[in-house]
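This report concerns only the one structure given below.
The values are calculated or read from the model by the stated rules, or taken from the named source; none is laboratory data. Note that the structure is a prediction, hence the values are computed from the model and not measured. Every residue, glycine as well, gets a Cβ built from its backbone with ideal geometry; the counts of neighbours run over all protein chains shown. Just the protein is used for accessible areas: all its heavy atoms, side chains included, with ligands, DNA and RNA removed. Shrake-Rupley method; radii C 1.70, N 1.55, O 1.52, S 1.80 Å.
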Amino acid sequence: MDENKTLIDILFDEENVDGITLRLDDGQEVDFEQIATIPLKSGANYAILKPTVELEGVADEVMIFRIIDENGGRLELETDDDVLDEVYETYCELLDEYAEEDE
């Protein structure tokens, strides 16, 4: 990973194949695989990340983070069910569009 790139640069780099390491609130560093970066109509951006290891207390396979600070690279775990649903629906729509382009 290029040390000069911010977390946001990495998240929005379509050619990035490297994992992302985040420091959780408890100080634990966890490696994630980036699944997608999702822009919502509201203007907010979200990152769908999958931990490369099993995390205690994480029931789902992926975690959705809101990109809070696009300059410094701060993420916040999203917990609002309505927002999570909107991110997931947008992700599915983007997948459908991508599949249609490949046909």
### Members of the stretch 76-93 that are assigned to a helix (DSSP H, G or I) and open to solvent by less than 70 Å² (accessible area, probe 1.4 Å)
83, 84, 87, 90, 91, 92
#### Entry: Among residues of the stretch 1-39, those that are modelled with pLDDT under 80, under 22 Å from residue 92 (Cβ atoms), open to solvent by 60 Å² or more (accessible area, probe 1.4 Å) and not acidic (Asp, Glu), counted
1
#### Entry: Candidate set: the stretch 48-62, residues that are modelled with pLDDT under 90 and aliphatic (A, V, I, L, M); chosen: the one surrounded by the fewest Cβ atoms within 10 Å (Cβ to Cβ)
59
### Of the criteria (1) open to solvent by 80 Å² or more (accessible area, probe 1.4 Å); (2) small (Gly, Ala, Ser); (3) modelled with pLDDT under 85, which one residue 42 fails
(3)
